[in-house]
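What follows is one structure encoded as structure tokens, with my remarks underneath.
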Amino acid sequence: MNPSIRPIDPAAEFYTEERCHVLELSNSSDDAECSLARARVEPGTTTRWHRLAGIAERYVLLEGRGRVEIGDLPPRDVGPGDVVLIPPGCRQRIANVGAGDLVFLAVCTPRFRPEAYADAEP
């Protein structure tokens, strides 16, 4: 990894089939050990069940109220400051149960790659 500063372009946010908006903050081959994205889920929306093969993920909640489901754990309400740890291959989804957007950072190790994503809807 080389020293760098990566400016963020909010207009680069995109909507996914998973039902959330994503803004990649850092995801490059020169920093393959980790990626960082901002995710935004609109009120009343639940993301699709999915899993990431070979990638551990952490959600760091910044704004809003959510209900997260990971693996076989019971659903859990989360909010700003909470951190959700998701092991590689673990089924996951999150619902926005608040009135405003649910915003969190998604930190992946190693970095997120689209081919690692697997839809896990029943």
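Quick note: the coordinates plus some simple rules give every number you see, no bench work behind them. The shown structure was predicted, so the numbers you read here are calculated from the model rather than taken from an experiment. All Cβ positions, even for glycine, are placed from backbone atoms using ideal geometry, and neighbour counts span all protein chains on display.
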| query | Could you list, bin by bin from short to long, the percent of Cα-Cα pairs of the stretch 16-119 in 10 Å steps? | reply | 17, 53, 28, 3
| query | What is the gain in length, in nm to one decimal, between M1 and R67 on full extension, counting 0.36 nm per residue of separation less the C-alpha to C-alpha distance? | reply | 20.2 nm
| Given a Förster radius of 25 Å and the C-beta distance between D77 and H50 as r, what FRET efficiency does 1/(1 + (r/R0)^6) yield to the nearest 0.05? | 0.80
| query | Dipole of the stretch 16-119, Cα-centred, from +1 at each Lys and Arg C-beta and -1 at each Asp and Glu C-beta, to the nearest 20 debye? | reply | 240
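If you place +1 on the Cβ of every Lys and Arg, -1 on the Cβ of every Asp and Glu, and leave all else neutral, what size is the dipole of the stretch 70-122 about its Cα centre, to the nearest 20 Debye?
Dipole of the stretch 70-122, to the nearest 20 debye: 160 debye.
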